[in-house]
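The values are calculated or read from the model by the stated rules, or taken from the named source; none is laboratory data. Remember, predicted model here, so these are calculated numbers, not experimental data. Cβ placement follows ideal geometry from the backbone for every residue including glycine, while neighbour counts extend to all protein chains displayed. To get the accessible areas, we keep the full protein, side chains included, count just its heavy atoms, and leave off ligands, DNA and RNA. Shrake-Rupley method; radii C 1.70, N 1.55, O 1.52, S 1.80 Å.
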Amino acid sequence: MVIPLFDDDTGLLILAGMGDTVVDCFEVSASEPFLSQVSHCLTDTSTRGVAMVPKVALDVMSCEVMRVLQLTDSCIVPISYQVPRKHSGQEFHDDIYPNTVGTTPAMSAEEWWKGGNKQVEKVSLHPDKQPKQKAPPAKQMPAKKELASGGSKEPPTVLQDPTRGCSTSSSPLSSPSSSAVPSRSPSSTSGLSSGFLHSPSPSQSAKAIQSMMGPTSKFRHIQGAVMHRDTHITNLRGLNLTTPGECDGFCVNRQRVAVPLAISGGQIGIFERSQPGRLPETALSTIQNSVNVVDLSWDPFDTHRLAVAGDDAKIRVWQVPEGGLKETLTEPEVILQGHTEKIYSIKFHPLASGLLVSSSYDLTVRLWNLESGEQVKLLSGHQEQVFGMAWSPDGKLLATVCKDGKVRIYDPRKSTAPVQEGPGPEGQRGARVVWVCEGKYLLVSGFDSRSERVLYLYSADSLSSGAVASTSIDISPSTLIPFYDPDTSVVILTAKGDTRVHIYEMFPEEPYFIECSSFNSPEPHKGLAFLPKTECNVRDVEIAVGLLLTKTTIEPVAFRVPRVKKEFFQDDVYTDTAVCWEPALTASAWLEAPKEAPVRKYLPSSVYLEEKTDEQKKEELLSAMVAKLGNMDDPLPQASFEGVDEDE
């Protein structure tokens, strides 16, 4: 539910959704464009209610034109909207403060009932024209008794200023006379007559707010944005919208996208990322899989190799030629056979090349060596459908979540039975699993007994103890598909058919989850798949880039961290990242179970941007400032003007 608040004097409309962390401000006009956005305010906590402060309580000398109070779960937060003016605080600006409706009633209820139509008298907001209120007589208060222990008096109660606990992401757009920008800084609320008392010192207020709101996250205000249309692939036709719930819907790598098509023969469209734009109306070259596609995955170490699981219990491995498909492929490179019933899902190993794992309706999980084309391991222990699988970051362990209500961890090289087992989600609609926090925890997205979508966090060392933490998301039939970025500990979740993308930062200790700003797509999407970290534009402080699949388009979406000084490399955001595009060892070497686990190479942060010394950063900042000011050596414009001779 969206709560509207409208101010007749300024024509400003406030829209705040119940449960949302966004408060939008629009200007309403009688002519086109009728509605134009003025600001977009991101709040730290969800909104439970909003109310507008009366006009007479505004700080008009600071050009405050509106103040809204946001009700959250634990505090009331004032949001102040101020018009930037040159002489703000020194003079009253009549153009933004017309006479407003006063507080004296125009008539009584009996007069209105008899047909009276008097209007409330309007008053000026000029400080000099405000009626002086008489101070109420002081009441005689009984003296407080001193405490028995120590004789000290009871300390006074201080209402802390909650404005320090929130921040904004605003874009000041033009209004008739000026631009209204929401201000949430402590200075902007000084001198307000709304009844909020300031704390004795900023440091005490910050501590009080932090203790009340809990830990903060530098990714709390992360922003998702669809990239420019020039990067989109459009005019998609005949998408397969009935892939199983265990399938992500499509898969991507840094060069190309694979999308199942609803065409007989289990055809798969391959689209090159280097060739965006509108697809031709003519028939496309595809991969002819011959049977319906149930899941597909790109080899992380070979951008040309695509593994496809079919409903005939076989896995076909295809090799896409350099430059993309020029003709339809009908012969796979390898066919893997061993499952006796339809396959659920497939996953490549994160460290070993040519190693694939699959789960099936025959209740088995099998490992395949693509180098030999043979099955090398068969894992047992599942009593029902396997909803999801995930390899640990070091590649040693395999986690599964099952319809039988169990979460299991396998060490495939040591045993075919699970080495750990614990209670999983109660709901049986579906689930996904991913390793988080350096492999110390398992994050499971599933359903509870009331069919509400919930995130569960398990300790990888003690699954039998159950979930150490959980957080409810919403009620929806689709399973949330998690993407975890190990560099930032941020998990991004969405489901097929959703319009909202949820974002959380994960912690190995309480509170475990911190909810960040969400991203909303304009229409329900069919899937969201993410690219390697090297595809992020560090100059825009992107921490993740995904491809959003809709009915007719593939659209890149960037998730950015708002930063003021983007000229500098944000080394607190970009830590050394894993070289996930190069294998640490072969499948045969991994199967030999070496005594020492292979160490994955890490790419230094200099791969994003050349590391700079402090002197280089200073020079870069000075250069940027000079560029904005202009070249001081250039001649002034008036030097080129034609004048008159001196004797004239």
key: Condition check for T488: crowded, with 20+ Cβ neighbours inside 10 Å and either under 18 Å from the mean Cα position of the chain (by Cα) or over 28 Å from L351 (Cα atoms) (or both)   = yes
query = Of all residues in region 338-363, which are farther than 22 Å from S588 by Cβ and either in the same structural domain as A417 (by the TED database) or open to solvent by 20 Å² or more (accessible area, probe 1.4 Å) (or both)?
reply = T340, E341, K342, Y361, D362, L363
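Out of everything in region 497-519 that is of a type in the set (S, T, N, Q) and touching a residue at least 40 places away in the same chain (Cβ under 8 Å), what residue ends up being surrounded by the most Cβ atoms within 10 Å (Cβ to Cβ)?
For region 497-519, the residue satisfying everything is S517.
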query = In this structure, is G265 over 19 Å from A495 (Cα atoms) and either of a type in the set (G, A, S) or open to solvent by 60 Å² or more (accessible area, probe 1.4 Å) (or both)?
reply = yes
ask   = Just checking, which of L306, L239, L279 is modelled with pLDDT under 95, under 30 Å from T534 (Cβ atoms), crowded, with 20+ Cβ neighbours inside 10 Å and in contact with a Ser or Thr (Cβ under 9 Å, 6 or more places away or on another chain)?
value = L239
ask   = Given the residues S472, S489, S451, which is the only one that is touching a Cys at 6+ places or on another chain (Cβ under 7 Å) and in the same structural domain as G405 (by the TED database)?
value = S489
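Here is a yes/no grid of residues against (1) under 17 Å from S459 (Cα atoms); (2) surrounded by 23 or more Cβ atoms within 10 Å (Cβ to Cβ):
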residue: Q375; (1), (2): no, no
residue: Q383; (1), (2): no, no
residue: G388; (1), (2): no, yes
residue: K396; (1), (2): yes, no
residue: D404; (1), (2): no, no
residue: Y410; (1), (2): yes, yes
residue: Q420; (1), (2): yes, no
residue: G424; (1), (2): yes, yes
residue: R432; (1), (2): yes, yes
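Touching a residue at least 60 places away in the same chain (Cβ under 8 Å) and surrounded by 20 or more Cβ atoms within 10 Å (Cβ to Cβ): is that true of F301 in this structure?
For F301, the condition - touching a residue at least 60 places away in the same chain (Cβ under 8 Å) and surrounded by 20 or more Cβ atoms within 10 Å (Cβ to Cβ) - is not met.
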request  = Specify the residue that is farthest from G323 (Cα to Cα); the eligible residues are those in region 230-254 that are polar (S, T, N, Q) and over 23 Å from the mean Cα position of the chain (by Cα).
outcome  = T242
ask   = Just a yes or no: is a residue in region 90-99 open to solvent by 80 Å² or more (accessible area, probe 1.4 Å), hydroxyl-bearing (S, T, Y) and in a loop (DSSP other than H, G, I, E, B)?
value = no
key: strands (runs of 3 or more DSSP E) wholly inside region 383-475 containing at least 2 residues that are under 27 Å from T499 (Cβ atoms)   = 386-391, 432-436, 441-447, 452-459, 469-475
inquiry  = Restricting to region 339-377, count the residues that are assigned to a loop (DSSP other than H, G, I, E, B) and among the aromatic types (F, W, Y).
reply    = 1
ask   = So, in region 439-475, of the ones that are closer than 20 Å to V386 by Cβ and touching a residue at least 60 places away in the same chain (Cβ under 8 Å), which residue ends up surrounded by the most Cβ atoms within 10 Å (Cβ to Cβ)?
value = L443
query = What number of residues within region 476-496 satisfy the criterion of being out of contact with any Leu (no Cβ under 9 Å at 6 or more places or on another chain) and either without any contact (Cβ under 8 Å) to a residue 40 or more places away in the chain or assigned to a loop (DSSP other than H, G, I, E, B) (or both)?
reply = 8
task = Looking only at region 456-485, count how many residues are in contact with a helix residue (DSSP H, G or I) (Cβ under 9 Å, 6 or more places away or on another chain) and within 21 Å of A558 (Cβ to Cβ).
result = 1
Pair list, Cβ under 6 Å, 6 or more apart: region 89-101 residue under 11 Å from S62 (Cβ atoms), other residue outside any loop (DSSP other than H, G, I, E, B) and not hydrophobic (A, V, I, L, M, F, W, C) = G89/S62
query = Only one of (1) touching a Phe, Trp or Tyr at 6+ places or on another chain (Cβ under 6 Å); (2) open to solvent by less than 10 Å² (accessible area, probe 1.4 Å) is not met by P332, so which one is it?
reply = (2)
message = Condition first: farther than 24 Å from S39 by Cβ, within 47 Å of the chain's Cα centre (by Cα) and either open to solvent by less than 60 Å² (accessible area, probe 1.4 Å) or at pLDDT 85 or above (or both). Can you find one or more residues in region 101-116 that meet it?
response = yes
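This table checks each residue for (1) outside the structural domain of R237 (by the TED database); (2) polar (S, T, N, Q); (3) within 23 Å of T231 (Cα to Cα).
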| site | (1), (2), (3) |
| --- | --- |
| I268 | no, no, yes |
| G277 | no, no, yes |
| V294 | no, no, no |
| T303 | no, yes, yes |
| A313 | no, no, no |
| L325 | no, no, yes |
| T328 | no, yes, no |
| E333 | no, no, no |
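Here's the yes/no breakdown for (1) within 13 Å of V501 (Cβ to Cβ); (2) among the aromatic types (F, W, Y); (3) open to solvent by 10 Å² or more (accessible area, probe 1.4 Å):
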site	(1), (2), (3)
H525	yes, no, no
A529	yes, no, yes
R560	no, no, yes
Q570	no, no, yes
L585	no, no, yes
ask   = Based on what the data block shows, is V357 more than 23 Å from S264 (Cβ to Cβ) and at pLDDT 95 or above?
value = yes
inquiry  = Tell me yes or no: at least one residue of region 546-557 is surrounded by 21 or more Cβ atoms within 10 Å (Cβ to Cβ), in a helix (DSSP H, G or I), touching a strand residue (DSSP E or B) at 6+ places or on another chain (Cβ under 7 Å) and not assigned by the TED database to the domain that holds S353.
reply    = no
inquiry  = Restricting to region 283-298, count the residues that are at negative phi, among the small types (G, A, S) and either open to solvent by less than 10 Å² (accessible area, probe 1.4 Å) or at pLDDT below 95 (or both).
reply    = 2
